[in-house]
Amino acid sequence: MSEDAKEPPPPPIESAPQSTEQRTKCCTVCNGCGCSKTIPMKVPIAFLTAFWGFLTNVERAIILPTMWLYFKTYWNDQVARTWYGWTMASFSLSVLLFTPVYGYAAHSGIQTKYLLIFANMIELLGNLAYLVAQQPWVVLAGRFISGIGGSCDTPMYADMARTTTMEERTPYMAVTYVAKQIGIVFGPVCTLLMHKLHWTVGQFKLSVYNGPGLLMAALWVVHTLLVIFFYPIVEKPPRDGSYIKSTNESSEKDKLLQPTLKKRSCCECDCKEWKPYTTYTVLSMYLMVFATYFCVMSLETVLPPVVAVYFNWDEVRVSYVYLGASGLLIIMCIILHGLSKCVEDRKLALMGFVCLVCAYIWLIFTTAFINELTVELGAPLLIVGVATHVIGMPLALAVTESLYTKMVPANDLDRALSYLRCVSNFAFLLGPLEGGIFVEYAYIVFLGNFLICALGLGLLAGGYRLFQPQLGHTKFDRETYVSVK
């Protein structure tokens with residue numbers, strides 16, 4: 001009999017205790033009224049998270065297209081050239097800086113409900129500053145402040161992960177992704193509705209350029225009220241230095257660990273805390289998420305100049321492309337919602353990265369020879385490449401983020417998701433940089449996208465067997481068990 005056969009296997013483990021569904025009152029501030037009926041916590045959390053994603057993308061879709069004209073109309077061309085880039089960067093910079101702050105605040109025990117109320121108040125102040133700005137630097141400050149408020153998504157996603165099972169988590173993630181895309185479509189509609197807005201009181205002028213500040217301030221007030229009345233207090237699992245929990249709480253493994261832990265140095269304990277984040281699967285998913293967000297931002301940056309230069313398309317035709325892409329993306333998210341119930345996450349993610357790699361190969365050759373193509377041929381070829389990118393994006397992005405929540409410590413989700421958001425926010429900064437630098441050589445942009453997506457595909461395919469939540473946890477548990485022996 002081999003040595004492995006003599007050793008008892010480590011006890012089975014769970015990613016998070018999910019035997020009892022967490023429930024909450026429909027209205028969290030009422031006592032004894034008709035609103036006191038209980039519902040699953042995941043329902044209001046998913047709705048408010050989806051609504052939050054909807055609002056952030058509405059804000060992005062109505063402010064970014066009009067910001068240049070805001071500076072130009074209220075001041076002059078020189079002000080627009082000086083302040084536009086810095087203002088765009090200020091929002092992304094504040095999101096990058098403050099995302100881990102919210103994550104660590106939630107990790108320390110502050111409830112997501114209170115963090116959301118605080119963040120929404122910050123968003124409100126930022127949008128009001130954008131509305132009443134009398135100097136260009138106030139516009140920049142308003143966007144920076146709004147970025148501070150817009151960094152509070154990690155605690156919400158952590159609560160969603162805590163209140164959903166592994167089987168239903170990906171469908172719920174897909175719902176929030178659909179809401180974000182609806183926000184991108186709804187943004188231009190709001191711009192069209194405000195297009196003829198001209199209202200003057202004294203020296204203050206309300207127009208389509210600063211009107212988004214007023215609209216978003218009102219919408220964030222609505223979201224805040226919904227959070228106050230309906231967002232539940234989620235019980236967080238205790239942090240005991242390890243996320244692994246045996247199904248047998250008395251656990252013989254605890255008896256084995258106790259004398260060993262006394263002998264370990266503080267450095268070894270710290271290393272153990274970081275160990276789940278240095279596994280092959282988690283590091284690979286960081287790169288995969290970075291790749292998808294990087295490609296989205298670089299494509300959005302380079303596409304309008306390409307079609308303007310080679311096809312003479314104006315902003316109206318470009319808007320049609322974005323609306324069509326958003327519609328296709330919504331359809332794909334609905335399909336993903338159904339597929340995720342019967343297909344493994346790793347298979348869906350693999351399909352997504354294959355689509356992205358194929359899309360960028362197509363776009364490389366299309367843009368490399370675009371000078372030799374007629375508009376009648378070049379435009380459809382380019383749109384086919386963009387459509388393939390749109391088809392693969394929700395599979396690669398939403399599924400990978402959902403899979404990540406199943407592979408990291410269940411009692412450390414706030415901090416784990418803050419790390420993931422830092423990675424995605426870094427991609428939000430670098431993606432437009434690549435697209436802006438190589439805007440005249442679009443095929444180089446798509447070549448870079450192809451290489452980084454091919455790397456993500458290679459990491460996923462190379463360790464395909466490991467991208468299975470229970471297997472990943474079992475491997476980590478076995479390593480701990482063997483080290484104790």
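The values are calculated or read from the model by the stated rules, or taken from the named source; none is laboratory data. These figures come from a predicted structure and were not determined experimentally. Note that each Cβ is placed from the backbone with ideal geometry, even for glycine, and that neighbours are counted across all protein chains shown.
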Open item on the list: If I ask for residues that are loosely packed, with under 14 Cβ neighbours inside 10 Å and either assigned to a loop (DSSP other than H, G, I, E, B) or at pLDDT 55 or above (or both), which ones from segment 269-283 would you list?
Closed with: 270, 271, 274, 278, 283
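Among the listed residues 308, 368, 291, which satisfies the condition of being more than 30 Å from residue 406 (Cα to Cα), in contact (Cβ under 8 Å) with a residue 24 or more places away in the chain and not charged (D, E, K, R)? Outline the logic, then answer.
On the way: 308 fails: in contact (Cβ under 8 Å) with a residue 24 or more places away in the chain; 291 fails: more than 30 Å from residue 406 (Cα to Cα).
Going through 308, 368, 291 in turn, the sole match is 368.
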Open item on the list: Please count how many residues of segment 413-443 are among the aliphatic types (A, V, I, L, M), modelled with pLDDT under 85 and closer than 23 Å to residue 381 by Cβ.
Closed with: 1
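Here's the yes/no breakdown for (1) surrounded by fewer than 18 Cβ atoms within 10 Å (Cβ to Cβ); (2) in contact with a strand residue (DSSP E or B) (Cβ under 8 Å, 6 or more places away or on another chain); (3) not acidic (Asp, Glu):
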position: 184; (1), (2), (3): no, no, yes
position: 189; (1), (2), (3): yes, no, yes
position: 198; (1), (2), (3): yes, yes, yes
position: 214; (1), (2), (3): yes, yes, yes
- [ ] Scan segment 329-350 for residues that are buried (at least 17 other Cβ atoms within 10 Å of the Cβ) and part of a helix (DSSP H, G or I) and report the count.
- [x] 12
Task: Qualifying residue in segment 98-112 (condition: among the aromatic types (Phe, Trp, Tyr), crowded, with 19+ Cβ neighbours inside 10 Å and within 19 Å of the chain's Cα centre (by Cα)) - done: yes
Open item on the list: Being under 30 Å from residue 450 (Cβ atoms), touching a Cys at 6+ places or on another chain (Cβ under 9 Å) and either modelled with pLDDT under 85 or among the aliphatic types (A, V, I, L, M) (or both) is the requirement here; does residue 325 meet it?
Closed with: no
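Conditions (1) within 30 Å of residue 280 (Cα to Cα); (2) at pLDDT 90 or above, marked per residue:
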{"site": "355", "(1), (2)": "yes, yes"}
{"site": "365", "(1), (2)": "no, yes"}
{"site": "382", "(1), (2)": "no, yes"}
{"site": "392", "(1), (2)": "yes, yes"}
{"site": "400", "(1), (2)": "yes, no"}
- [ ] Check whether at least one residue in segment 284-296 is in a helix (DSSP H, G or I) and at pLDDT below 90, and report yes or no.
- [x] yes
Task: Filter pass, residue 300 being part of a helix (DSSP H, G or I), among the acidic types (Asp, Glu), modelled with pLDDT under 85 and within 23 Å of residue 437 (Cβ to Cβ) - done: yes
- [ ] Could you tell me whether residue 82 is under 23 Å from the mean Cα position of the chain (by Cα), at pLDDT below 85, of a type outside the set (Lys, Arg) and over 25 Å from residue 323 (Cβ atoms)?
- [x] no
- [ ] From 115, 125, 131, grab the single residue that is assigned to a helix (DSSP H, G or I), within 21 Å of residue 176 (Cβ to Cβ) and out of contact with any Ser or Thr (no Cβ under 8 Å at 6 or more places or on another chain).
- [x] 115
